[in-house]
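Trainee: Could you have a look at this structure, given as structure tokens, before my questions?
Read-outs throughout are calculated quantities, based only on the coordinates presented, and are distinct from any laboratory measurement. Quick caveat, the model's predicted, so the values are computed rather than measured. Here the Cβ positions follow ideal geometry from the backbone for every residue, glycine too, while neighbour counts run over all protein chains shown.
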Amino acid sequence: MDLNTKGVNTSQLEEQKNSRVRVELKALVLILIHTPFGLEFFDKVAKWRIARLYARFNTYLMPAITALAIFLIVGSLMVMFADAQAREGVRGVGPAANLLIPGINPYLPITYGLAALVITIIIHEAGHGVVARVHNIRVDSTGIVLFLGIPIGAFVNIERDELNKATLKQKSAVLTAGPLNNMILAGACLLAMYFVVSTLTPLPPDPNAPQFGVMVVSVNGGSLAEAMGIEAESVIQYVAGQQITSLDDLSENLRSNLGNTVEITWLNKAGDTIIRQVTLPPAVEPGRGTLGVSVTVLSPDSQVVLDTYKNQFSQNPLAILLPPTFQQGFVPFSDLMAPKYTSSVFGDSFAPVANMLFWLWFINFNVGIFNALPLGPLDGGQLYGALIENKAKSKAIAKNANMLLTLVMVAIVFAVLVLPYVVF
């Protein structure tokens with residue numbers, strides 16, 4: 001179908017104007033609120049030349065996003081098999097870290113995370129809506145999704161029968177638009193984040209800061225550290241009377257005292273000195289920590305941290321997917337490191353800007369590649385299902401091939417999620 005031969009369906013606009021808000025309850029925890037808002041916007045944007053060019057440009061790009069997604073998932077699976085420390089880290093953060101839901105994921109801030117998630121899903125669904133209208137495929141409604149009353153995204157309800165009747169190229173354009181929009185926004189935020197980081201200059205060291213010890217970044221639930229009362233941002237300074245000056249010091253002192261009752265001294269966030277007697281476990285499984293904490297060096301060299309982080313943008317951008325809440329000592333705009341810098345453009349207010357850009361980059365990238373996977377109802381699953389159906393000799397063969405592809409992909413994703421909990 002020629003993209004320029006059909007305009008806006010006026011009867012559809014009348015129906016849109018007369019539409020009412022509709023609330024749909026899914027599985028008791030999900031609430032879908034359908035509205036007519038944004039439908040006229042899709043129709044207007046679909047007339048723009050750039051929208052028609054975009055619909056043509058994106059037709060064949062889903063496989064590239066899917067290939068990247070599978071590469072990352074298989075790579076993660078290989079790391080989980082080979083690295084006991086990585087498995088311990090995953091167990092430490094818990095299964096909730098796999099969910100892009102602020103307030104449930106321990107490393108996803110509620111403010112930045114919620115704002116970035118809503119923007120991400122709106123951008124994703126707007127891509128579907130605009131390209132659908134470019135091809136004159138009806139969009140019934142837009143809306144928002146609530147999870148336990150928390151807004152976690154938006155959706156565009158495309159008329160299913162019309163989408164099924166569309167050509168394979170048109171389906172591809174519509175289904176690819178969402179993930180591709182996310183990848184484009186992720187790339188733009190990554191570039192903007194590099195600009196912000198490039199404006200940073202290290203400040204002189206704080207003379208009142210602790211002079212030795214290691215900083216606790218996070219405490220695992222149910223760990224020995226949690227039972228002792230050690231919190232994030234505490235500074236561990238002594239173990240069994242031995243001064244701790246490095247990460248190796250902490251590890252060696254703990255392991256040399258396994259099974260013993262020792263005295264541990266740390267500074268809490270307020271700077272108060274706390275001393276506790278604790279009996280260490282007699283043994284620790286390979287790859288597991290004794291206290292159950294993630295730690296970083298107390299005073300990372302600000303210039304080294306800044307230079308290393310900037311180099312990752314060109315050398316390994318995927319390394320920047322590690323959240324600042326997870327690797328405090330290695331991100332210039334993390335809560336730990338931000339006070340050590342100033343910006344020539346943003347002054348001391350650079351951290352909120354950089355963090356907002358980071359979470360937009362992080363969530364858009366993850367939503368984009370996840371939706372490109374060949375899994376059932378996801379965009380990728382629908383597209384590859386349509387492709388298989390188009391090429392298969394019979395519907396039965398197409399159904400079986402599509403089911404096999406979905407099961408293989410589910411097995412790989414499931415293995416990545418559960419392997420850290422079954423292999424020690």
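Trainee: As an exercise, take the mean of 1/r over every pair of distinct alpha carbons in the chain, invert it, and state the Kirkwood radius in angstroms.
Mentor: 24.3
Trainee: Could I ask something else about it? Please determine, in degrees from 0 to 90 and to the nearest 10, the orientation of helix 247-256 with respect to the longest principal axis defined by the Cα atoms of the chain, where the helix direction is its Cα long axis.
Mentor: 60
Trainee: I would also like to ask the following. Within 10 Å of each residue's Cβ, count the other Cβ atoms and sort Ser302, Ser141 from fewest upward.
Mentor: Ordered by Cβ neighbours within 10 Å, fewest first: Ser302, Ser141.
Trainee: About the Cα centre of region 244-292, what is the dipole size in debye to 20, counting +1 per Lys and Arg Cβ and -1 per Asp and Glu Cβ, all else neutral?
Mentor: Approximately 160 debye in magnitude.
Trainee: Hey, if you put +1 on the Cβ of every Lys and Arg and -1 on every Asp and Glu Cβ in the chain, which of Thr279, Asn164, Asn364 ends up farthest toward the positive end of that dipole?
Mentor: Asn164
Trainee: Short version: ³J(HN,Hα) in whole Hz for each residue of region 46-55, in order, from phi by Karplus 6.51 cos²θ - 1.76 cosθ + 1.60 (θ = phi - 60°), x for Gly and Pro, what are they?
Mentor: My calculation for region 46-55 gives 4, 7, 5, 4, 5, 5, 5, 5, 4, 5 Hz in order.
Trainee: Pull up all non-local amide H partners of Val139: gap of 5 or more, or a different chain, and H-to-H distance under 5 Å with H placed in the peptide plane.
Mentor: Amide H neighbours of Val139, under 5 Å, 5+ apart: Glu159.
Trainee: In what order do His34, His128, His135 fall by count of nearby beta-carbon atoms within 10 Å, going from fewest to most?
Mentor: Exposure proxy ranking, most exposed first: His34, His135, His128.
Trainee: Suppose the chain between Ala401 and Val284 were pulled fully straight at 0.36 nm per residue; how much longer would it get relative to their current alpha carbon spacing?
Mentor: Contour length minus the Cα-Cα distance gives 37.5 nm.
Trainee: As I understand it, the dipole of region 83-241 uses +1 on the Cβ of Lys and Arg and -1 on the Cβ of Asp and Glu, about the Cα centre. Which of Pro102, Pro210, Val134 lies farthest toward its positive end?
Mentor: Looking along the dipole axis, the top candidate is Val134.
Trainee: Nearest 10 degrees, 0 to 90: what angle lies between the long axis of helix 168-198 and the longest principal axis of the chain (Cα atoms)?
Mentor: That helix lies at roughly 30 degrees to the long axis.
Trainee: Relative contact order of region 214-297, please, whole-number percent, based on alpha carbon pairs below 8 angstrom and at least 6 residues apart.
Mentor: Computed over region 214-297, the figure is 38 percent.
Trainee: Of Ala398, Leu378, Leu72, which is farthest towards the positive pole of the chain's charge dipole, taken about the Cα centre with +1 and -1 on the beta-carbons of Lys, Arg and Asp, Glu respectively?
Mentor: Selected residue: Ala398.
Trainee: So what is the relative contact order for region 249-303, in percent, with contacts set as C-alpha pairs under 8 Å and at least six apart?
Mentor: Reported relative contact order: 30 percent.
Trainee: A further question on this structure: When the helices in the chain are scored as -39500 (n - 2.57) per DSSP H run of 4 or longer and the sum is shared across all residues, what 222 nm value do you end up with, to the nearest 500 deg cm²/dmol?
Mentor: -16500 deg cm²/dmol
Trainee: What's the ranking of 381-390, 409-418 by average number of surrounding C-beta atoms within 10 Å, highest first?
Mentor: Per-residue Cβ counts within 10 Å, averaged per peptide and sorted highest first, yield 381-390, 409-418.
Trainee: Here is a further query. If one puts a single equal scatterer on every Cα of region 342-424 and applies the Debye formula without solvent, what log₁₀ I(q)/I(0) results at q = 0.24, 0.25 Å⁻¹?
Mentor: Treating every Cα as an identical point scatterer, log10 I(q)/I(0) equals -1.06, -1.10.
Trainee: From Cα pairs below 8 angstrom and at least 6 apart in sequence, can you work out the relative contact order of the chain, rounded to a whole percent?
Mentor: 20
Trainee: For helix 110-134, report the angle its Cα long axis makes with the longest principal axis of the Cα atoms of the chain; keep it between 0 and 90° and round to the nearest 10°.
Mentor: Its long axis makes an angle of about 20 degrees.
Trainee: What net charge do the residues around Ile230 carry, taking every other residue with its C-beta under 15 Å from that of Ile230, with Lys and Arg at +1 and Asp and Glu at -1?
Mentor: Neighbourhood net charge equals -3.
Trainee: Using a simple charge model, +1 on the beta-carbon of Lys and Arg, -1 on the beta-carbon of Asp and Glu, nothing else, what dipole does the chain show about its Cα centre, in debye to the nearest 20?
Mentor: Value, rounded to 20: 2000 debye.
Trainee: Would you work out the charge dipole size for region 153-310 about its Cα centre, treating the Cβ of every Lys and Arg as +1 and the Cβ of every Asp and Glu as -1, and quote it to the nearest 20 debye?
Mentor: 660
Trainee: If we restrict to alpha carbons, what Rg and Dmax does region 214-297 come to, in Å?
Mentor: Rg then Dmax for region 214-297, in Å: 11.5, 34.
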